[in-house]
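The values are calculated or read from the model by the stated rules, or taken from the named source; none is laboratory data. It should be emphasised that the depicted structure is a prediction, and the values quoted were computed from it without experimental measurement. Using ideal geometry, Cβ is built from the backbone for each residue, glycine included, and neighbour counts are taken over all protein chains shown. Surface areas here come from the heavy atoms of the whole protein model, side chains and all, with no ligands, DNA or RNA. Shrake-Rupley method; radii C 1.70, N 1.55, O 1.52, S 1.80 Å.
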Amino acid sequence: MADDGLNIALRFGLYVSMAALFGVAVFGLYALRLTVKFAYFDRQYTILTAAAAILSLILSIASMLVMAKAMSGAESYSELSIHILGMVITGTDMGLAWALRIVALLACVIIVASSGARFHYGWLAAFSALALATLAWSGHAAMNDGVQGMIHLVSDIAHLFAAGAWVGALFSFVMLALMKPRFYPDAAEVLSKTSNGFAHFGTVIVATLMTTGIANYLLIVGPSIKGLITTQYGILLSLKLALFTGMLALAAANRFFLGPRVEIALQAGNQLKAVSLLRRAMLTETALVVLVIACVAWLGVLSPTQLRPV
C-alpha cells in the first residue's frame, strides 16, 4: 500500500514536471510569434524549464526503482542490484521507454544550460516531446497488443501532448501574471496578447483532448458506462471529467468575458487591474488542472477491468 502511494506521488510529479517542460517550450514558440517582447522574459522561463527538467530526471530515476522493486518481487529497495535494474530496463518495453526518456531529459538539460542569450524553444520542445511521449508506456496504453496496442499508444501520446501544451501555457500565464508591473512593465501586455492568442491554439488542444480521451476510454473500458459511480476507478474518472468540464467553462469565460475587460483596462493604462483579473483566472484554472493530473496519476495504478461489460 505504501508503494502504491509512492507510485501515485511519483506519477503525479512526473506528469506535472514533464508537461510543464514540454508545454512551456511550445508556449515560447508561439508567444514569440505573437510578440517579440516575450523574449525579455527568457531568463525566467529558463529557470522554470531547468527546474522541470532536473526534477523530471530525479523522479524518473525514483520511478524506475519503484518499478524494479515491484517487478522483481524484492521486499526492500536495498535488495535491488545493477543486474536486476539492467534486466528491467533492457528486458521490458517500459524499461526501454524509460531509458529513452532519460536521454531526452539529459538533452533538455544541456539545451537549457547552453541557451545563453537566446532560448532554444524549438529544440527544447522536440526533446521534451520525446520524453513526454515515453510516459505512454507506463500507463494503460501498454495493456494492449498488436494493432490495437499501437492505436492506443498513438492516442495516448497525442493526449499527453495536448495536455502538456495546456499545462505549460497555464504555468507560463501564471508566471507572467505574478510579475510585478513596476519591475516588468511589459508583462501585462505580453500576458494579454498571449492569452488572447492562445484561444485558437486552445481550441485545437481541447479538440485533441476530447477525441483522444474518448478513444482511450473505449480502448480501456469499452462501450460501457457501468461502474462510473459505483467503483473507485469510475468515481475518479467521473471526477476527472467534471474537473475538465470546469476548466472548459472557465476557459470559455476567460475568452469571451474576461479578455475584453482586460483589453479595456490596458487601453485605459490600468495595468494593475488587468493583471489582477488575469491572475485570479489563471490561478483558478491552474488549480483545476493540477487536480486533474492528480486524478490521472491515481487512475494509472487502478485496474479498469471492473468497468468492462460482462
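About its Cα centre, the stretch 1-81 has a charge dipole of approximately 560 debye under the convention of +1 per Lys or Arg Cβ and -1 per Asp or Glu Cβ, with nothing else charged. Under a model in which nothing but the beta-carbon of Lys, Arg (+1) and Asp, Glu (-1) is charged, the stretch 1-143 shows a dipole of about 700 debye around its Cα centre. Candidate membrane-span-like segments in the chain, meaning DSSP H helices with Cα atoms spread over at least 20 Å of their own axis and a Kyte-Doolittle mean of 0.0 or above, are 2-34, 42-72, 93-113, 146-178, 187-220, 232-253, 271-299, with no membrane implied. Computed about the Cα centre, the dipole magnitude for the chain is approximately 1040 debye when only Lys and Arg (+1) and Asp and Glu (-1) carry charge, each at its Cβ. Classify the stretch 95-208 from the C-alpha gyration tensor, please: rounded if a/c falls under 1.5, else prolate or oblate depending on whether a/b exceeds b/c. Verdict is oblate for the stretch 95-208. For the stretch 46-171, the residue among Trp123, Ala136, Ile84 whose Cα projects farthest onto the positive side of the dipole built from Cβ charges is Trp123.
In this structure the stretch 42-98 gives 54 Å² per residue of accessible area when probed at 1.4 Å with all protein chains present.
Dipole of the chain computed with +1 at Lys/Arg Cβ and -1 at Asp/Glu Cβ about the Cα centre; of Phe183, Val289, Leu57, farthest Cα towards the positive end is Phe183.
Here r is the Cβ-Cβ distance between Met210 and Leu80 and R0 is 45 Å; the resulting FRET efficiency, rounded to 0.05, is 0.65. Kirkwood radius for the stretch 14-69, taken over all pairs of different Cα atoms as the inverse mean of 1/r, rounds to 12.4 Å. Apolar share of the accessible surface for the stretch 1-132: 71 percent from carbon plus sulfur atoms, 1.4 Å probe.
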